[in-house]
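Have a look at the structure below before the remarks.
The values are calculated or read from the model by the stated rules, or taken from the named source; none is laboratory data. Please read these numbers as outputs of a predicted model, since none were measured by experiment. Cβ atoms come from the backbone with ideal geometry, glycine included; neighbour counts cover every protein chain shown. Heavy atoms of the whole protein, side chains included, go into the accessibility calculation; ligands, DNA and RNA do not. Shrake-Rupley method; radii C 1.70, N 1.55, O 1.52, S 1.80 Å.
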Amino acid sequence: AFVFSKTKPATTTADTVVLADGSTLTGNLSLEKDTLLLTHASLGPVKLSLPGVARITRGLSGVTPLESLKGEVLEQAGPVPPPAPLRVQSASGDALRMFPRTAMRFKLPAGNPNRRFLANLAPVANSRAPMTAILRAGSNTKTIDIPADSSGVFVSFDIGSADEIEIVTDSAGAISYPCGIEWRNAIIVEQAKP
């Protein structure tokens, strides 16, 4: 027999545990001796052994992962449109993979007017072309150039009180696939007022 119920959206302060088999559980995490205790909304308390855990992501108030925001593709230009942006998961965390000549917009939740966008920006594996990424939020704009052989750069961008952020990706030279960028572990952080 199957029981279906409405799923409750995960709060941004919930902790996420990715198990070695790829399963993901979300809830409040605590440590009891040599085991982790995750209090799940539907399952209740779940005991997890450390060797069975691949990754833990702690939820913090004032931090919103980019992956939790709804994004819309504004543009995919070219004689052959580039692939659609992808959300990918790896052992190092979540990433938004974008390809040349693509623009996306993300609506931001209402919050502190003093916010920053933080992420690690890197080229996709075996990238053949240098890439350019442009961030726009309100009146702020930032351009980042990424060489094809780069190991990545840390990006910190002031969002201020903007209600959306736009990300534009393009090639800095001739397009030669594979090419693209990954926004790894991207988050919106509410900062304390200066």
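Listed values, structure above:
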item	result
Top-ranked residue in segment 151-165 [being part of a loop (DSSP other than H, G, I, E, B) and surrounded by 15 or more Cβ atoms within 10 Å (Cβ to Cβ); ranked as farthest from the chain's Cα centre (by Cα)]	162
Residue 39 being surrounded by 14 or more Cβ atoms within 10 Å (Cβ to Cβ) and within 28 Å of residue 189 (Cβ to Cβ)	yes
Leading residue by the ranking (farthest from residue 189 (Cα to Cα)) among those in segment 129-149 that are among the hydroxyl-bearing types (Ser, Thr, Tyr) and in contact with a Leu (Cβ under 9 Å, 6 or more places away or on another chain)	143
Options 27, 52: the member that is surrounded by 12 or more Cβ atoms within 10 Å (Cβ to Cβ), under 22 Å from residue 69 (Cβ atoms) and at pLDDT 85 or above	27
Count of segment 170-194 residues which are farther than 12 Å from residue 122 by Cα and over 15 Å from the mean Cα position of the chain (by Cα)	14
Out of 105, 97, 101, sole residue that is of a type in the set (D, E, K, R) and farther than 30 Å from residue 61 by Cα	101
Scan of segment 119-133 for residues that are open to solvent by 40 Å² or more (accessible area, probe 1.4 Å) and either at pLDDT 95 or above or part of a strand (DSSP E or B) (or both), ordered by number	120
Residue in segment 90-107 that is of a type outside the set (Lys, Arg), surrounded by fewer than 17 Cβ atoms within 10 Å (Cβ to Cβ) and touching a Leu at 6+ places or on another chain (Cβ under 9 Å) present	no
Count of segment 56-83 residues which are open to solvent by 70 Å² or more (accessible area, probe 1.4 Å) and assigned to a loop (DSSP other than H, G, I, E, B)	7
Filter result (of a type in the set (A, V, I, L, M) and under 29 Å from residue 21 (Cβ atoms)) within segment 55-89	56, 60, 63, 66, 69, 84, 86, 88
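Yes or no, residue by residue, for (1) among the acidic types (Asp, Glu); (2) open to solvent by less than 10 Å² (accessible area, probe 1.4 Å); (3) not in a strand (DSSP E or B):
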site	(1), (2), (3)
109	no, no, yes
144	no, no, no
149	yes, no, yes
167	no, yes, no
